[in-house]
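Only the coordinates and a few stated rules stand behind these numbers; no lab work does. Keep in mind that this is a model prediction, so the values were computed, not measured. Reconstructed Cβ throughout: ideal geometry from the backbone, glycine too, with neighbour counts over all protein chains shown.
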Amino acid sequence: INADITGTQAGNANGFGTANPDLSVFFENGSGHTIGGVNPGDRNIMSSGAWAGIYLDGVTNTTIQGNLIGVYADGITASGGQDTGIIVDNSSSIQIGGLVDGAGNVIGGAIDTGIWLQNVNASVVQGNYIGTDVSETYDLGVQDSGLGLSGTSSGNLIGGTAPDAGNVFGYIGTVSNGIGLDSGATGNSLLGNRMFGFNNIPIGFGGAFSSTIPANDNLDTDTGSNDLQNYPIITNVQVNGSDLEITGTFNSLANTTFRLEFFGNRTAGNLGMMADYLGAT
C-alpha cells in the first residue's frame, strides 16, 4: 500500500502505489475487521501514509497483525513520511499484535508516534516492534513516543505476563518516551515491555515528552496518569550462587496486590532503560 509491488520503494505518480495518501487503511465504525495476519502472505506493507498507516475510529473487535507499517519489505528499512503508524480513536476490544509467531507488527518511519490510542478501552497491544526491527538492531525512526495513551483510555493491556507478550520499543526520539500516558489515561496495565536506545525516561506519566518521575507519596493517594503509580526503592542487589537477589521497599495502596518487574540496562546511567526483562514478583 503506497509502495511498488516489490514493497521496496515508496509510491509515486507513475503507477507505483499511491502518491503519499493521508491514510493507508481507514475503518470508521463497524466491527470484526482484520488487517493483516500471522502468515507472511497475509501481511500488508504500508509505506509513508502522510497521516497514519492505519486509522480506526469508532471500531470494535478488530485485529491488526503482522504488518510492516512505515517499513519496507526487508523489515529493516524505514520508508518514512508518516505522522503515526497506527491511530485508534473512540474504539474498544482492539488487538494489535499478539502472542503467536508473526502476529507482531513492525512500525517505523513515524515523525510522531508508533501507536496512538485515544479514548480506547479493553484493548490489547502485544508483541510489536516499534522503532526497531525484529532483531532489535536497526533504528526505524520513530521520533515521538513509541505508544501513547490519551483521552479516557482505560482497561488496556500493553504487553503482558506471557512469554514474548511485551512490546519492544527501540531508538525512540531523544526527548520522548517508550510509552506516554496523558492525565486521563488510567487503569492500564503496562507489563513486560522492553525499551532501549533513547535518552528520556521509558514511561512518561503526563504525556509523550514527560521527563519527570512522579514522587513516591505515602500510600499512593495522588491521581493522574495511571494514578501516578509509586515505584519500588531498590536498596541492595547481590549475586548469591546462581540467583540474583534484589532487596528494597515499596509503598503504595494498602491491602492491594502488585506485580513488580525487573529489567537490566545495557548502558549505565541511561535513565532506567528497560532493555532486558529479568523477572517479576
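Here are the numbers for the structure shown:
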| item | result |
| --- | --- |
| Within the chain, percent of DSSP bridges classed antiparallel, to nearest 5 | 20 |
| Centre separation in Å (Cα based) which lies between the stretch 66-141 and the stretch 146-222 | 16 |
| Likely footprinting exposure, TRP51, TRP116, fewest C-beta neighbours within 10 Å first | TRP51, TRP116 |
| Computed over the stretch 194-281: relative contact order in percent, which uses C-alpha pairs under 8 Å that are six or more apart | 29 |
| Spin-label model distance (nm) - THR137 vs THR34, 7 Å beyond Cα toward Cβ | 3.2 |
| Residue with peak Gaussian network fluctuation, the chain [Cα springs, cutoff 10 Å], from THR63, THR113, THR256 | THR256 |
| Computed P(r) (all Cα pairs; the stretch 174-281; 5 Å bins; percent) | 2, 11, 18, 24, 22, 14, 6, 2, 0, 0 |
| Residues with amide H under 5 Å from that of ALA110, placed H, sequence gap 5 or more | VAL142, GLN143 |
| Ranking of GLU261, GLU245 by count of other Cβ atoms within 10 Å, fewest first | GLU245, GLU261 |
| Span per principal axis, largest first, for the Cα atoms of the stretch 55-146 (Å) | 33, 28, 18 |
| Dimensions in Å of the chain - Rg and Dmax from alpha carbons | 18.9, 65 |
| Sparsely packed trypsin sites (Lys or Arg not before Pro) within the stretch 183-281, loop by DSSP, other Cβ within 10 Å at most 16 | ARG259, ARG266 |
| The stretch 114-244 - share of DSSP beta bridges that are antiparallel (%, nearest 5) | 10 |
| Residue with peak Gaussian network fluctuation, the chain [Cα springs, cutoff 10 Å], from ASN39, ASN90, ASN188 | ASN39 |
| Among SER92, SER242, SER123, residue whose mean-square fluctuation peaks in a GNM of the chain (springs only between Cα atoms under 10 Å) | SER242 |
| Likely footprinting exposure, ASP57, ASP276, fewest C-beta neighbours within 10 Å first | ASP276, ASP57 |
